[in-house]
Structures are given as C-alpha cells and as structure tokens.
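The values are calculated or read from the model by the stated rules, or taken from the named source; none is laboratory data. These numbers come from a predicted model, not from an experiment. Heads up, the Cβs are rebuilt from the backbone with ideal geometry, glycines too, and the neighbour counts pull from every protein chain shown.
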Amino acid sequence: MFPFLSETQFPAHLFCVIMTALCFFTFQTLMKASPIWKFMQLFFVIVLIAIILNSIFFQDIDTFPTIGVNLFQLFFVINSGSFFFQLLNRPNSIPIFRDAVFWYNTSTFIYYSTSYFIFTIPYFLISHEISVNTTGVINIVLCLIYYPLIGYALYLNANRAKYETSN
Amino acid sequence: MKPQTEILTIAISVIVLIFVMSLFIVLFVVKYKQRQKEHEREKAFLESQKALEVTKAQLEISEDIMRNISLEIHDNVGQLLSLAKISIQSVSEENFKEQSSHTTEILTRAIGVLRHLSKSLNGNFIRENGLIDSLEREVQAINGTGKLKCELVCDAHEQSISDNNEVILFRCIQEAINNCIKHAEASVLKIAISSYQDMLQVSVSDNGKGIPEHLLKGSADGLGMRSMRERMQMLHGNFILNSITNRGTEIIFRVPFVL
C-alpha cells in the first residue's frame, strides 16, 4: 500500500519527534508547578532541535535514527528522574503504592533508562559479531515490566477517587 | 572474548542496571515515606495553629463586643440616665411640666440608644435584616450623633455572601467605623459596597488625620487591625489598609461570594 515506507526510515524519525513531544506534554501536567519546569521547557526545545538536525544532517531519512531514539529516551529518563525529586519535595497525602503517578514514573524510569542502555550498544554488538537480537529479547522483557506497570497506574488513576475518600 | 560470554556480559549488565534502578526506587520510597510523615506532621501543626488563631480571634471578638457594650453604657446610656436623675432632682412645683417633659425626652433617647445597642449586638438581627439594612441603621445612628457625616454607597447584592460571613463582616465594619469615630477626627465617613472579581468588597474610608506611621509599621494592633485581618483570613477574604497622614484612612474588606 505504501511501498516507500519499506525503503525509508521516515516513520522512525517521526516517532522520535512524536515521543519527545508526548513525553513533554505528559510531564507538563505533572511538573508544571515545579521550579525546574522552565529548565525542562528549554531542554525540550534543545532535544527537539537536536532530533530534527540529526534527521536532516547526520542520520538521513533512509537511516535508522539511533541518535534521535537515544535523545528522546534520555529526555524521558531526565524527566522521570526530576519528577522523583519533585515527589520528594511535595509528597501527596495518599500512600505511595496507591499513587498512579508513582507507578507511571517508576515504569517510565526503568523502561527508558534500560532501553537507553540497550540502544547504545548495537554498535558494540555489531563490531563484535554478536546478534542484535539479544537486545530485542531484553526489550521484550522490559516491555513485560513496563506495560503491566502502566496498566496498574491507569487502574489506580481510574480508582483514585475511591482511594482518596478511603484515606 | 567469545560471543556467548559477551551476551552473558550484556545480560549481566542489564540485570545490574535494573538492580541499581530498583535500589534507587526502594531508597526513594523509604525517603518519600519519611517526607510524607514530616509533611503530615507539618500539616497537623499548621492546622492546630490555625485553629488556635481562630479561637484567639473569636476571644478577641468577644472582648471587643464586651468593651463596646461597656463604652456604650458608660458614654451614652449612663450619661443620659445621670442627666435624667439630675432633671428629676431639680423638679419643683413651678417647673414640673417643663422638667417632666425634658426628663421624658432624655429617657426616650436612652431607650433609643439601648435599642440600637441591642440590635447592633444581635447577630440574628443582622442575619434577618441583611448587611445593607444593618449598615443603613448604623449610618443613621452615626448621622444622628452629628459628630460626622456618614454616607453609604451600595453597588452589590448582599445575598451573595453567607449569613454567618455577613455577621463577621458587619462586625469588622463596625470596628472600622468605631476606629474612625474615636481616633480619626474625620468629618466625613464613607462606606462603599461593591463587587471585586468574585468577592464582595466593602470599603470604609474617612478624611481624618490618618494612622500615625509608627502604628502602621507596628501593624496598628491597638486599633483592632490584627483582629479584623484575622477575621478576614477566617472568611478566606482580604484585608487592605491604606492610610495617608492628614488625608485619611481607607480600610477594604473582601469576602468571597457564595457559589
């Protein structure tokens, strides 16, 4: 149907931009009141520009954007790390294990920091003639951790009113 | 290094990474729980402090009311009754008619003062008649004394705030009026009721000598300013004091409307 898509890495480039924006808007709702939010806005602009410049000048549309992927993953890791510190500074009244944002942030932090690590090593794997599939297996394991935690966070968020009234 | 050993190295690295992050999260949870407890303690402390301040403000209100009753009885009713006593003592056959009429007049005034005192102290009377009606009575009483010219301007609906808040606001306005009468040496007193954003605003302004700077710097507690400020805080409202020496004082009260 779209034969050009099999010859190009355009969706991956677009994915990097969308994921960066998605991360920014998600954490905006969580960290808008944080004193470091202005810095995070600036950081978002820098990361977005770097991803776009990478797609134009370094890893063109036919190359998989490993740098772009690493950048948006780093952006996720820094945002979730900062959010942990914000949680410490402004603790909620509900117990932490019933707090949806805690589980969302924990899953994001674990998934993207590990993912960042495994996305930086394919060059090493290729140069040592090791199958890149190894990272694929690790990624599947990570997804098995990530998505159930996101699901649990969504469940807690849907039942938030119940937990808040019971405390 | 053999590929299998390298795969093992990578797997171990990932496991170590996940372990380090898990450790980080465990430490975070421990620290977070500590902070949560501290936060709860601080919140409880602030709430108890607030409750203490509310109690203190209520005690001050009662104290103010008692002082007002005492002053009103001493300055007005007491003097009128003393006058009536002298008038009765000076009755003779010649001036009986004239003196009895004079004494009746004095006693009528004393009854009027007592009635006004009773009404202005009765919260139910304010609740039943509303803020504007009660203020109109105050204005009439002030104008009746002839000490200063008092004017009431109204551009807002009094029904917009709750009955209890109306009584507290009325007491604050009374306090501001009393301050003006006792200390300001003003000839004109203006009470203006209006809306300010989602709040009812009452401004009490005069053209008196203003509050001395040293009292303003010390928050003018002696003039009941702290009590008025605390009462406004209780209503989640605002208290603003503007004063210029020899030009006058303006006190603004803002109380949120009931949605």
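Checked against (1) at pLDDT 90 or above; (2) touching a Leu at 6+ places or on another chain (Cβ under 9 Å), A:L74 passes all but condition (2). Here segment A:118-148 is the region considered, the condition is being aromatic (F, W, Y) and modelled with pLDDT of 80 or more, and the residue that is surrounded by the most Cβ atoms within 10 Å (Cβ to Cβ) is A:Y146. The residue pairs whose first member lies in segment A:80-92 and is at the interface with another protein chain (Cβ under 8 Å from one of its Cβ atoms), whose second member is not in a helix (DSSP H, G or I), and whose beta carbons are closer than 6 Å, counting only pairs six or more residues apart or on different chains, are A:N92/A:D99.
The conditions of being over 17 Å from the mean Cα position of the chain (by Cα) and surrounded by 12 or more Cβ atoms within 10 Å (Cβ to Cβ) are not met by B:V54. Select from segment B:67-99 the residues that are of a type in the set (S, T, Y), surrounded by fewer than 15 Cβ atoms within 10 Å (Cβ to Cβ) and over 36 Å from the mean Cα position of the chain (by Cα) and list them in ascending order. Hits for segment B:67-99 are B:S90, B:S92. Within segment B:24-55, the set of residues being more than 10 Å from chain A (Cβ to nearest Cβ) and of a type in the set (D, E) comprises B:E42, B:E47, B:E53.
Residues that are under 16 Å from B:V188 (Cβ atoms) and in a strand (DSSP E or B) within segment B:243-252 comprise B:S243, B:I244, B:G248, B:T249, B:E250, B:I251, listed in sequence order.
With respect to B:S92, is the statement that it is part of a helix (DSSP H, G or I), more than 14 Å from chain A (Cβ to nearest Cβ) and over 30 Å from A:L87 (Cα atoms) true? No; evaluated as a whole, the condition is false for this residue. Looking across segment A:88-103, the residues that are surrounded by fewer than 22 Cβ atoms within 10 Å (Cβ to Cβ) and in a helix (DSSP H, G or I) come down to A:L88, A:N89, A:I96, A:F97, A:R98, A:A100, A:V101.
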